[in-house]
1. So what is the orientation-averaged projected area of segment 58-110, using the convex hull of its C-alpha atoms, in nm²?
2. Share of Cα-Cα pairs in segment 108-158 beyond 15 Å, in percent?
3. Using the per-residue mean of other Cβ atoms lying within 10 Å as a proxy for protection, in what order, highest first, do the peptides 94-100, 244-250 fall?
4. Given 10 °C and 1.306 mPa s, how large is the Stokes-Einstein diffusion coefficient of segment 45-178 in µm²/s, with Rh as the Kirkwood radius over Cα pairs?
5. Is the shape of segment 134-222 rounded, prolate or oblate, going by the alpha carbon gyration tensor and its root eigenvalues a ≥ b ≥ c, with a/c under 1.5 for rounded and a/b larger than b/c for prolate?
């Protein structure tokens, strides 16, 4: 029983701490029929205001990376072949820029809506990234693509560092809130520990160790009451995640087209704007979301 109790506490603690990385594409892969496991985990992490801010900032960082590489790819193609048709690539980059604006301005009214917005925008970024890469493969070889990625990475260092600083601050805020919730579940307080987590002065593992020590020091009755509160918190998080996933599957195609048309409308170049709208309208509708793992951080 003690081992079971310890596993429950450890599981709750691991869920409390927000991972730093956004899921990355590890291969060419195909879009899954359902929401993949990585995105489900990210939805759970995004089911708090600070967690959602972290995920949206990480998504912005990934879009910045794709834009930097995409603009260099278009320039390289034009340099290699002055008659090359890069219209589709440039349209996709326009949509990526508009998507970044949507992500940056996304309102976060409450956890359920915040998590849905993150998952929706991640899905859009994934599809645009896949579409762009498919177009690039026809005009550049892998060696050329790798050189472009390396060059774009050097130029992004300043912007990347600024975003990473903001991401880290939001992660610390999220983790501090979750640690405080865990301490409350144990029927105790430790403002010093919470403050250190918020300031980033201690690693998450140290905070977890401190809470584990606190749990082990409780009486049998206190442990029983703490476990009941922890289980309740885990259940609430599970219910919220399921609700968000159910929300994502409702009116999926309509929501997707609305977001895409909103982006197209924001494109300044009239010709590019109309071509983007036409391309969106001609895109086959899907019945279920598939955020995939194509977005790279």
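Just so you know, all these numbers are worked out from the coordinates, no wet-lab data involved. Just so it is clear, the structure is predicted and the values come from calculations on it, not from any experiment. Here Cβ is always computed from backbone atoms with ideal geometry, including for glycine, and neighbour counts include all displayed protein chains.
1. Details: hull surface 15.4 nm².
Result: a mean projected hull area of 3.9 nm².
2. On the way: 836 of 1275 pairs.
Here the tail beyond 15 Å accounts for 66 percent of pairs.
3. Peptide ranking by packing, descending: 94-100, 244-250.
4. Working: Rh = 15.9 Å.
Reported coefficient: 100 µm²/s.
5. On the way: a/c = 4.55, a/b = 3.00, b/c = 1.52.
Prolate, because a/c is 1.5 or more and a/b exceeds b/c.
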